[in-house]
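The structure under discussion appears below in the form of structure tokens.
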Amino acid sequence: MNEMPAVFGFPDLWSKSYSDHEHFYQVIARSSDVAAEIITSTAADKREAVSTLGSLASVNLGSMQDIVILVGNRRGAGAMKLARSMVEVAITALYLERNPAEVGMFLDFAHVFSWNCLQQSENDNPGSVAPQLRAQAEIEYNRLKSRFTNSKGKVRNTWSTKTIREMAEEVGFLEHYKTAYKLGSDLLHAGVAGLISHELDWDLEALVTGHGSMLQAVSSLYNVSKLVPAELGRKLEAQSKEGNEVRQQYVEKRDRDRSGRPSAK
């Protein structure tokens, strides 16, 4: 007996989704190739700032691929939730690019996070954490907790004293925070605005936001490394420019379709 092949998604939607955003899919494919080249070219660089930004860029490259899958299956709202997280990664990458002295804080907070998780696990299920693991985690936590302790003696629950909005404002990314990040947050948290927003078409916005956020994270990696071939930098800049041009074309076409007005000659 022949079994039906496994299908993850909605094949009937794939061709139409591709034709609707064909040029942008092509731009994303080319940009992803350039991003992968830059990430690969910095993989052997063990400097903290480079390896950290390489990880952030890799996250956004993977998320871009996820968005393509979702939009290809007409799951634009889900894709926009991912795009929102990509904006946060891009802001973090750009902030660390501009403030490399804070990379250590970003990395060291892992020990605070790990200790809090182990504490929570032990509280919920006593005896679930191996004593040796707990002891080692406590040593690292005690070694670093003063770096994250405020004037009242409380250890904060984030790596930076600044909010993501404050970081966005500092690095000139505030408009992206106020639009794509906020809209994605509304969808993610599903308040009344989010529920209404789930009825809208987010396909193009998710592709555009994801593409820009991926390129920003990779640009930060490129700028910090200073060892990536200049040719890749030129390719990266060209992909950013092409993405903006194609996005503008789609926006103009969408607006014409909505208004029913012919294009200007």
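Tell me which residues, restricted to region 162-180, are in a helix (DSSP H, G or I), of a type in the set (Val, Ile, Thr) and under 19 Å from GLU102 (Cβ atoms). Talk me through it step by step, then tell me what you get.
So in region 162-180, the residues in a helix (DSSP H, G or I) come out as 164-170, 174-180.
Now restrict to residues that are of a type in the set (Val, Ile, Thr): 164, 179.
If the condition is that a residue be in a helix (DSSP H, G or I), of a type in the set (Val, Ile, Thr) and under 19 Å from GLU102 (Cβ atoms), then ILE164 is the only one that fits.
Conditions tested, residue by residue: (1) farther than 27 Å from ALA110 by Cβ; (2) at pLDDT 95 or above; (3) out of contact with any Asp or Glu (no Cβ under 6 Å at 6 or more places or on another chain).
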| site | (1), (2), (3) |
| --- | --- |
| GLU3 | yes, no, yes |
| VAL7 | yes, no, yes |
| ASP20 | yes, no, yes |
| PHE24 | yes, no, yes |
| ARG30 | yes, yes, yes |
| ILE39 | no, yes, yes |
| THR52 | no, yes, yes |
| VAL71 | yes, yes, no |
| ALA77 | yes, yes, yes |
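Condition first: of a type in the set (Gly, Ala, Ser), loosely packed, with under 12 Cβ neighbours inside 10 Å and modelled with pLDDT under 95. Can you find one or more residues in region 194-211 that meet it?
No - not one qualifying residue is present in region 194-211.
Collect the residues in region 131-160 that are in contact with a helix residue (DSSP H, G or I) (Cβ under 8 Å, 6 or more places away or on another chain) and not basic (Lys, Arg), keeping them in residue-number order. Explain how you work it out, then say what you get.
Of the residues in region 131-160, the ones in contact with a helix residue (DSSP H, G or I) (Cβ under 8 Å, 6 or more places away or on another chain) are 133-134, 137-138, 140-141, 143-145, 147-148, 155-160.
Matches in region 131-160: LEU133, ALA137, GLU138, GLU140, TYR141, LEU144, PHE148, VAL155, ASN157, THR158, TRP159, SER160.
Name the pairs whose Cβ atoms lie under 9 Å apart, with the first residue in region 114-128 and without any contact (Cβ under 8 Å) to a residue 60 or more places away in the chain, the second of a type in the set (Val, Ile, Thr), and 6 or more positions between them or separate chains?
ASN116/VAL155; LEU118/VAL129; GLN119/VAL129; SER121/VAL129; GLU122/VAL129
Just one of the numbered conditions (1) within 19 Å of LEU232 (Cα to Cα); (2) surrounded by fewer than 17 Cβ atoms within 10 Å (Cβ to Cβ) is not true of HIS23; which one?
Every listed condition holds for HIS23 apart from (1).
Looking at ILE28, ILE38, can you tell me which residue is farther than 23 Å from VAL103 by Cα and crowded, with 21+ Cβ neighbours inside 10 Å?
From the options ILE28, ILE38, the qualifying one is ILE28.
With the checklist (1) of a type in the set (D, E, K, R); (2) under 30 Å from GLY212 (Cβ atoms); (3) not in a loop (DSSP other than H, G, I, E, B) in hand, flag the one item GLU140 doesn't pass.
(2)
When you scan region 55-68, do you find a residue that is of a type in the set (D, E, K, R) and modelled with pLDDT under 95, even just one?
First, the residues of region 55-68 that are of a type in the set (D, E, K, R): 66.
With the extra rule that they be modelled with pLDDT under 95, the set shrinks to none.
Among the residues of region 55-68, not one is of a type in the set (D, E, K, R) and modelled with pLDDT under 95, which makes the answer no.
Taking the criterion of being under 18 Å from ALA57 (Cα atoms), without any contact (Cβ under 8 Å) to a residue 60 or more places away in the chain and exposed (fewer than 12 other Cβ atoms within 10 Å of the Cβ), would at least one residue in region 232-254 satisfy it?
Yes, some residue in region 232-254 is under 18 Å from ALA57 (Cα atoms), without any contact (Cβ under 8 Å) to a residue 60 or more places away in the chain and exposed (fewer than 12 other Cβ atoms within 10 Å of the Cβ).
Being aliphatic (A, V, I, L, M) and touching a residue at least 24 places away in the same chain (Cβ under 8 Å) is the filter; apply it to region 23-39 and report the residue that is nearest to VAL68 (Cα to Cα). Please lay out each step first, then the result.
Applying the first criterion (aliphatic (A, V, I, L, M)) to region 23-39 yields 27-29, 34-36, 38-39.
Filter again for touching a residue at least 24 places away in the same chain (Cβ under 8 Å), leaving 27-28, 34-36, 38-39.
On the way: VAL27: 12, ILE28: 9, VAL34: 17, ALA35: 15, ALA36: 16, ILE38: 21, ILE39: 20 Å.
Within region 23-39, the match that is nearest to VAL68 (Cα to Cα) is ILE28.
Would you mention how many residues in region 42-100 are under 9 Å from the mean Cα position of the chain (by Cα) and among the basic types (Lys, Arg)?
Adding up the residues that qualify gives 1.
Out of all the residues in region 78-129, which are of a type in the set (Gly, Ala, Ser) and either buried (at least 17 other Cβ atoms within 10 Å of the Cβ) or not in a helix (DSSP H, G or I) (or both)? Before you say what the answer is, go through the steps one by one.
Taking region 78-129 and keeping what is of a type in the set (Gly, Ala, Ser), we get 78-79, 83, 85, 90, 93, 101, 104, 110, 114, 121, 127-128.
Residues satisfying the conditions are GLY78, ALA79, ALA83, SER85, ALA90, ALA93, GLY127, SER128.
Is there a residue being of a type outside the set (Val, Ile, Thr), surrounded by 20 or more Cβ atoms within 10 Å (Cβ to Cβ) and modelled with pLDDT of 95 or more anywhere in region 177-188?
The answer is no; no qualifying residue exists.
Restricted to region 229-252, and to residues that are more than 22 Å from the chain's Cα centre (by Cα) and of a type in the set (A, V, I, L, M), which residue is nearest to ARG98 (Cα to Cα)?
ALA230
The values are calculated or read from the model by the stated rules, or taken from the named source; none is laboratory data. Keep in mind that this is a model prediction, so the values were computed, not measured. No Cβ is skipped: glycine too gets one built from the backbone with ideal geometry, and neighbour counts run over all protein chains shown.
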